[in-house]
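Colleague: Let me begin by handing over the structure; questions about it come next.
The values are calculated or read from the model by the stated rules, or taken from the named source; none is laboratory data. Worth saying up front: this structure is predicted, and the values here are computed from it rather than measured. Cβ placement follows ideal geometry from the backbone for every residue including glycine, while neighbour counts extend to all protein chains displayed. What goes into the accessible areas is simple: the full protein's heavy atoms, side chains included, and nothing from ligands, DNA or RNA. Shrake-Rupley method; radii C 1.70, N 1.55, O 1.52, S 1.80 Å.
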Amino acid sequence: MRLLPAIDLIDGKIVRLTEGDFNTEEQYGDPYEKLKEWQGRVPMLHLIDLEGAKAGEPRHLDVVRFAKTCGFFVQTGGGIRSEEALDAVMATGADRVLLGTKAFTDPDFLDRALAKYGDRVAVALDAYDGIVAVNGWQEATDLKDIDAAKGLVDRGVKTILYTDIGSDGKLNGPNLERMKTLREAVSVTLIASGGVTTETDVEALQAAGIDEAVVGKALLSGQVSLDDLIEWEARHA
């Protein structure tokens, strides 16, 4: 299983939220320093522009560009709601770009993105109690996560990042039941996000057939180390 250390960004700083609530913001320093610290140690990175997600346009493209100069495989997203924004993020050299809100509110936009950029386009499917949320997790839709995932696959999406909002930032483990249900429903590359904290979590996700997992607050808060992640990935390759 591949593990992606996560950096979320607001106002040029690394932050973490709990359940997507911007009022719970905790800061963890400078992203450039963290990227230099991680450079050459892990191959993949999950880099999310939370400020951009809330504003509706990317705000941290400079950090994405710097991450690419450090040699990371960069998965990034946040606020990509126009073709100009998508082109700008792709121009940074990002390897995998996550569409969120726009993928659900404007399916034609998703179709055009897939036609232009192919497998570099992935979709962030964020849900609370099985209901899809958009606009930086601030607005619930009437879409069920499983139905949404199947719809994405039908449109040609090859990679889905699933965040269980209720688990995010709590350090209590991922929502395994939702991940298992989603795995049974779709056969694309499936990435788990939210609550991944221990090697036991990694083992359980791997047993459920999940391909990749994002590790955020557990790493930034020091509950696990980057060495831990490297060792876990090696043991569960």
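Colleague: Determine whether VAL121 is at pLDDT 95 or above, in contact with a His (Cβ under 9 Å, 6 or more places away or on another chain) and buried (at least 21 other Cβ atoms within 10 Å of the Cβ).
Modeller: Taking the combined requirement at face value, the residue does not satisfy it.
Colleague: Another question, then. Select from segment 210-237 the residues that are in a loop (DSSP other than H, G, I, E, B) and not hydrophobic (A, V, I, L, M, F, W, C) and write down the one among them that is nearest to the chain's Cα centre (by Cα).
Modeller: So, considering only residues that are in a loop (DSSP other than H, G, I, E, B) and not hydrophobic (A, V, I, L, M, F, W, C), the one nearest to the chain's Cα centre (by Cα) is GLY216.
Colleague: Please verify whether segment 26-40 includes one or more residues that are surrounded by fewer than 19 Cβ atoms within 10 Å (Cβ to Cβ) and closer than 22 Å to ALA124 by Cα.
Modeller: no
Rundown of residues vs (1) of a type outside the set (Gly, Ala, Ser); (2) touching a helix residue (DSSP H, G or I) at 6+ places or on another chain (Cβ under 9 Å); (3) open to solvent by 10 Å² or more (accessible area, probe 1.4 Å), yes/no style:
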residue	(1), (2), (3)
ALA67	no, yes, no
CYS70	yes, yes, yes
GLY79	no, yes, no
ALA88	no, yes, yes
GLY93	no, yes, yes
ARG96	yes, yes, yes
ARG112	yes, yes, yes
TYR117	yes, yes, yes
LEU125	yes, yes, no
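Colleague: Being in contact with a strand residue (DSSP E or B) (Cβ under 8 Å, 6 or more places away or on another chain), closer than 30 Å to ALA237 by Cα and among the small types (Gly, Ala, Ser) is the filter here, so list the residues in segment 21-76 that pass it.
Modeller: ALA67
Colleague: While we're looking at this one, here's another question. Could we say that VAL15 is without any contact (Cβ under 8 Å) to a residue 40 or more places away in the chain, within 17 Å of the chain's Cα centre (by Cα), part of a strand (DSSP E or B) and buried (at least 17 other Cβ atoms within 10 Å of the Cβ) here?
Modeller: yes
Colleague: Output the number of residues of segment 52-83 satisfying the condition of being modelled with pLDDT of 95 or more, closer than 27 Å to PHE104 by Cβ and assigned to a helix (DSSP H, G or I).
Modeller: 5
Colleague: How do the strands (runs of 3 or more DSSP E) wholly within segment 139-209 filter down when requiring 2 or more residues that are touching a residue at least 12 places away in the same chain (Cβ under 8 Å) and open to solvent by less than 10 Å² (accessible area, probe 1.4 Å): which remain?
Modeller: Ranges flagged: 159-164, 189-193.
Colleague: Considering only segment 160-170, I want to know if a residue exists there that is aliphatic (A, V, I, L, M), within 22 Å of ALA113 (Cα to Cα) and within 14 Å of the chain's Cα centre (by Cα).
Modeller: yes
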